[in-house]
Amino acid sequence: MSITRSDFTGRFCRIVEAGGFVFLSGVVAQDETGHVTAQTRDVLGQIDDLLAKAGVGKSDLVTANIWLANIADIATMNAAWDEWVDRDNAPVRATVESKLARPEFLVEIQVQAYRQPA
(Lines give C-alpha, C1' and ligand atoms only; values in the text may rest on other atoms or scores of the structure.)
Protein backbone atom coordinates (compact mmCIF):
# COMPACT_ATOMS: atom_id res chain seq x y z
CA MET A 1 0.00 0.00 0.00
CA SER A 2 1.37 3.38 -0.94
CA ILE A 3 0.83 6.60 0.97
CA THR A 4 0.59 9.91 -0.86
CA ARG A 5 0.87 13.21 0.97
CA SER A 6 -0.05 16.57 -0.56
CA ASP A 7 -0.92 20.16 0.22
CA PHE A 8 1.91 20.48 2.76
CA THR A 9 1.48 23.57 4.96
CA GLY A 10 4.96 23.62 6.47
CA ARG A 11 3.72 21.81 9.56
CA PHE A 12 1.42 19.07 8.24
CA CYS A 13 -0.19 17.79 5.05
CA ARG A 14 -3.79 18.75 4.45
CA ILE A 15 -4.38 15.62 2.33
CA VAL A 16 -3.06 12.09 2.87
CA GLU A 17 -4.14 9.16 0.69
CA ALA A 18 -3.61 5.55 1.79
CA GLY A 19 -5.24 2.30 0.75
CA GLY A 20 -8.06 4.00 -1.14
CA PHE A 21 -8.85 6.33 1.75
CA VAL A 22 -8.43 10.11 1.56
CA PHE A 23 -7.81 11.79 4.91
CA LEU A 24 -8.14 15.56 5.27
CA SER A 25 -6.67 17.52 8.13
CA GLY A 26 -8.98 19.55 10.33
CA VAL A 27 -10.20 22.66 8.54
CA VAL A 28 -11.03 26.00 10.16
CA ALA A 29 -12.46 29.14 8.59
CA GLN A 30 -10.15 31.37 6.58
CA ASP A 31 -12.28 34.32 7.71
CA GLU A 32 -12.67 33.80 11.44
CA THR A 33 -14.63 37.03 11.93
CA GLY A 34 -17.95 35.46 10.87
CA HIS A 35 -20.57 33.73 12.97
CA VAL A 36 -20.92 29.93 13.11
CA THR A 37 -22.96 29.71 9.90
CA ALA A 38 -20.44 31.76 7.92
CA GLN A 39 -17.48 29.86 9.37
CA THR A 40 -19.13 26.49 8.69
CA ARG A 41 -19.85 27.43 5.08
CA ASP A 42 -16.25 28.66 4.70
CA VAL A 43 -14.92 25.37 6.09
CA LEU A 44 -17.20 23.23 3.91
CA GLY A 45 -16.12 25.19 0.82
CA GLN A 46 -12.48 24.49 1.66
CA ILE A 47 -13.33 20.81 2.16
CA ASP A 48 -14.94 20.74 -1.30
CA ASP A 49 -11.73 22.19 -2.75
CA LEU A 50 -9.47 19.71 -0.92
CA LEU A 51 -11.64 16.74 -1.90
CA ALA A 52 -11.52 17.89 -5.53
CA LYS A 53 -7.70 18.13 -5.36
CA ALA A 54 -7.70 14.51 -4.20
CA GLY A 55 -10.08 13.45 -6.96
CA VAL A 56 -13.05 12.61 -4.74
CA GLY A 57 -16.19 14.44 -3.65
CA LYS A 58 -18.54 14.74 -0.72
CA SER A 59 -20.52 11.71 -1.92
CA ASP A 60 -17.34 9.70 -1.16
CA LEU A 61 -17.21 10.75 2.51
CA VAL A 62 -17.20 7.97 5.09
CA THR A 63 -16.72 9.93 8.30
CA ALA A 64 -16.73 13.48 9.65
CA ASN A 65 -15.55 14.88 12.97
CA ILE A 66 -16.79 18.30 14.00
CA TRP A 67 -15.53 20.41 16.87
CA LEU A 68 -17.55 23.39 18.07
CA ALA A 69 -16.20 26.03 20.42
CA ASN A 70 -19.71 26.19 21.92
CA ILE A 71 -22.03 23.18 21.62
CA ALA A 72 -24.98 25.60 21.85
CA ASP A 73 -24.13 26.45 18.21
CA ILE A 74 -24.93 22.91 16.99
CA ALA A 75 -28.30 23.83 15.44
CA THR A 76 -26.76 26.72 13.52
CA MET A 77 -23.84 24.59 12.34
CA ASN A 78 -26.26 21.77 11.42
CA ALA A 79 -28.26 24.14 9.21
CA ALA A 80 -25.14 24.89 7.12
CA TRP A 81 -24.11 21.21 7.17
CA ASP A 82 -27.57 20.09 6.02
CA GLU A 83 -27.41 22.47 3.02
CA TRP A 84 -24.04 20.97 2.04
CA VAL A 85 -24.06 17.24 2.80
CA ASP A 86 -25.08 14.66 0.18
CA ARG A 87 -28.06 13.17 2.03
CA ASP A 88 -27.98 9.99 -0.09
CA ASN A 89 -24.35 9.40 0.90
CA ALA A 90 -24.09 11.00 4.33
CA PRO A 91 -21.00 10.00 6.36
CA VAL A 92 -20.97 8.85 9.95
CA ARG A 93 -20.36 11.87 12.13
CA ALA A 94 -19.32 12.96 15.60
CA THR A 95 -19.77 16.48 16.96
CA VAL A 96 -18.25 17.65 20.23
CA GLU A 97 -17.54 20.85 22.09
CA SER A 98 -13.86 21.67 22.31
CA LYS A 99 -11.47 24.52 22.87
CA LEU A 100 -10.08 25.27 19.40
CA ALA A 101 -6.62 26.53 18.43
CA ARG A 102 -7.65 30.20 18.58
CA PRO A 103 -10.67 31.76 20.29
CA GLU A 104 -11.84 33.26 16.97
CA PHE A 105 -12.42 29.78 15.53
CA LEU A 106 -15.96 28.58 16.20
CA VAL A 107 -15.90 25.33 14.20
CA GLU A 108 -13.35 22.84 12.87
CA ILE A 109 -14.23 19.93 10.61
CA GLN A 110 -12.17 16.92 9.59
CA VAL A 111 -13.37 14.36 7.03
CA GLN A 112 -12.24 11.12 5.46
CA ALA A 113 -13.36 9.81 2.07
CA TYR A 114 -12.94 6.58 0.14
CA ARG A 115 -11.90 6.39 -3.50
CA GLN A 116 -13.81 3.65 -5.30
CA PRO A 117 -11.53 1.35 -7.33
CA ALA A 118 -11.63 2.08 -11.06
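The values are calculated or read from the model by the stated rules, or taken from the named source; none is laboratory data. These figures come from a predicted structure and were not determined experimentally. FYI the Cβ positions are ideal-geometry reconstructions off the backbone, even for glycines, and counts take in every protein chain you see.
Given the criteria loosely packed, with under 15 Cβ neighbours inside 10 Å, at pLDDT 95 or above, among the hydrophobic types (A, V, I, L, M, F, W, C) and out of contact with any Leu (no Cβ under 6 Å at 6 or more places or on another chain), does Ala118 qualify? Break it down stepwise before answering.
Working: loosely packed, with under 15 Cβ neighbours inside 10 Å: yes; at pLDDT 95 or above: no; among the hydrophobic types (A, V, I, L, M, F, W, C): yes; out of contact with any Leu (no Cβ under 6 Å at 6 or more places or on another chain): yes.
In short, no.
When you scan segment 71-92, do you find a residue that is part of a helix (DSSP H, G or I), over 15 Å from the mean Cα position of the chain (by Cα), over 19 Å from Ala113 (Cα atoms) and not hydrophobic (A, V, I, L, M, F, W, C), even just one? Give the steps one after another, and end with the answer.
From segment 71-92, those part of a helix (DSSP H, G or I) are 71-84, 87-89; that's our starting set.
If we keep only those that are over 15 Å from the mean Cα position of the chain (by Cα) too, we end up with 71-76, 79, 87-89.
Okay, now just the ones that are also over 19 Å from Ala113 (Cα atoms), so 71-76, 79.
Among the residues that remain, those that are also not hydrophobic (A, V, I, L, M, F, W, C) are: 73, 76.
Taking every residue of segment 71-92 in turn, at least one turns out to be part of a helix (DSSP H, G or I), over 15 Å from the mean Cα position of the chain (by Cα), over 19 Å from Ala113 (Cα atoms) and not hydrophobic (A, V, I, L, M, F, W, C).
Identify, from the list Ala52, Ala64, the residue that is surrounded by fewer than 13 Cβ atoms within 10 Å (Cβ to Cβ) and free of Cβ contacts under 8 Å to residues at least 60 places away in the same chain. Outline the logic, then answer.
Values: Ala64 fails: surrounded by fewer than 13 Cβ atoms within 10 Å (Cβ to Cβ).
Residue meeting the stated conditions: Ala52.
Asp60: charged (D, E, K, R), within 16 Å of Ala90 (Cα to Cα) and in contact with a Gly (Cβ under 9 Å, 6 or more places away or on another chain), yes or no? Walk me through how you get there before you give the answer.
Numbers: charged (D, E, K, R): yes; within 16 Å of Ala90 (Cα to Cα): yes; in contact with a Gly (Cβ under 9 Å, 6 or more places away or on another chain): no.
It is false that Asp60 is charged (D, E, K, R), within 16 Å of Ala90 (Cα to Cα) and in contact with a Gly (Cβ under 9 Å, 6 or more places away or on another chain).
What residue, of Arg11, Arg93, is at pLDDT below 95 and either among the charged types (D, E, K, R) or out of contact with any Cys (no Cβ under 7 Å at 6 or more places or on another chain) (or both)?
Values: Arg93 fails: at pLDDT below 95.
Arg11 is the lone residue from the list that is at pLDDT below 95 and either among the charged types (D, E, K, R) or out of contact with any Cys (no Cβ under 7 Å at 6 or more places or on another chain) (or both).
May I ask you to list the residues in segment 47-60 that are assigned to a helix (DSSP H, G or I) and in contact with a Leu (Cβ under 9 Å, 6 or more places away or on another chain)? Don't jump to the end; show me each part of the working.
Step one: list which residues in segment 47-60 are assigned to a helix (DSSP H, G or I), which gives 47-53, 58-60.
Across segment 47-60, the qualifying residues are Ile47, Leu50, Leu51, Lys58, Asp60.
For residues that are touching a helix residue (DSSP H, G or I) at 6+ places or on another chain (Cβ under 6 Å) and not aliphatic (A, V, I, L, M), scanning just segment 77-94, find the one that is farthest from Thr37 (Cα to Cα).
Asn89
Yes/no matrix, rows are residues, columns are (1) part of a strand (DSSP E or B); (2) buried (at least 16 other Cβ atoms within 10 Å of the Cβ):
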position	(1), (2)
Asp7	yes, no
Gly10	no, no
Arg14	yes, yes
Glu17	yes, yes
Thr33	no, no
